[in-house]
Amino acid sequence: MDATTATPHRRTARLAGAALALASGLAIAGFTVLGSVFEYPQVLEDPTADILALYREHQSTVMAWFGVLVVSAALLAPAGYWLGRLVGGRLGHWITGVGVAAAAVQVIGLQRWITLVPGVSEDALDPATRAAAEHRFELLHVVLGKAIGETVGYALTATFTILVVTALRGTLMPRWMGTLGYAAAGLIATGILVPLFEPASLSNFAGYVLWCAWLLAFAWVLFRVPDGATVPVATPGRTRSGAR
């Protein structure tokens with residue numbers, strides 16, 4: 001690994017830190033409330049009719065807190081952009097691109113609870129359309145939820161985390177924090193195996209808990225970057241210097 005130096009703007013570092021901290025805080029709040037009110041995500045293992053009935057019972061609250069999760073996921077895009085500027089070079093471009101992609105697929109997966117499920121839930125009340133409505137819900141869950149929001153989302157979130165740690169571990173980011181980031185990324189990536197190995201959902205959940213803690217710790221580091229500081233960026237091979 002060769003070390004180059006990039007001179008980040010303090011404002012860029014703080015913007016990245018704010019986005020990461022807010023993303024973590026909103027995710028923690030959203031999953032806590034939805035777990036209490038809607039029994040999410042365990043509720044997804046229940047029969048479709050039961051899921052939709054519980055959804056209707058708490059629809060306004062469930063929609064509002066899924067909106068919070070959508071905002072949390074979307075914040076990975078600006079965080080990726082600002083971190084990409086902080087790192088610079090080819091690796092910075094990758095961090096930005098993967099961060100934006102990770103945000104996009106998770107937003108696509110989560111937004112169904114706000115934009116699509118209300119109509120499906122309403123149709124499920126009519127005996128004439130109930131079967132079709134439940135089938136649509138299951139299709140949305142498989143395609144938008146499991147395939148796009150979860151499986152692709154897990155892969156991109158883990159990749160984003162690994163790229164950031166690779167760029168900054170041992171320089172701007174303390175080594176222990178980098179190790180924490182790698183561990184979180186590895187555990188999140190196990191979620192890809194859930195369709196084949198159900199116990200992987202537990203390691204994936206643990207990974208996201210660890211990841212939220214890592215986001216908050218890294219945000220704290222970013223807020224402490226002083227004016228005019230130079231940040232050594234560890235990158236494979238040769239990279240361009242300087243923040244863009």
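The values are calculated or read from the model by the stated rules, or taken from the named source; none is laboratory data. Predicted model, so just to flag it, every value in this text is computed and none were measured. FYI the Cβ positions are ideal-geometry reconstructions off the backbone, even for glycines, and counts take in every protein chain you see.
List of remarks:
Residues are listed down the side, and each one gets a yes or a no for (1) of a type in the set (V, I, T); (2) touching a strand residue (DSSP E or B) at 6+ places or on another chain (Cβ under 7 Å):
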| residue | (1), (2) |
| --- | --- |
| T179 | yes, no |
| G186 | no, no |
| G191 | no, no |
| P199 | no, no |
| L202 | no, no |
| F218 | no, yes |
| V221 | yes, yes |
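- Scanning segment 129-179 for residues being touching a helix residue (DSSP H, G or I) at 6+ places or on another chain (Cβ under 7 Å), surrounded by 15 or more Cβ atoms within 10 Å (Cβ to Cβ) and of a type in the set (V, I, T) gives a total of 9.
- Qualifying residue in segment 24-45 (condition: touching a residue at least 60 places away in the same chain (Cβ under 8 Å), under 24 Å from H135 (Cα atoms) and part of a helix (DSSP H, G or I)): yes
- Annotation: Y182 fulfils all but one of (1) modelled with pLDDT under 95; (2) surrounded by fewer than 19 Cβ atoms within 10 Å (Cβ to Cβ); (3) in contact with a helix residue (DSSP H, G or I) (Cβ under 6 Å, 6 or more places away or on another chain); (4) under 28 Å from H9 (Cβ atoms); the unmet one is (1).
- Residues being buried (at least 24 other Cβ atoms within 10 Å of the Cβ) and more than 12 Å from T159 (Cα to Cα) - total across segment 81-104: 8
- Residue satisfying condition, being at pLDDT 95 or above and hydroxyl-bearing (S, T, Y), within set T159, T151, T171: T159
Residues checked against (1) closer than 26 Å to L180 by Cβ; (2) without any contact (Cβ under 8 Å) to a residue 60 or more places away in the chain; (3) of a type in the set (V, I, T):
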position	(1), (2), (3)
G92	yes, no, no
Q106	yes, yes, no
S121	no, no, no
T161	yes, yes, yes
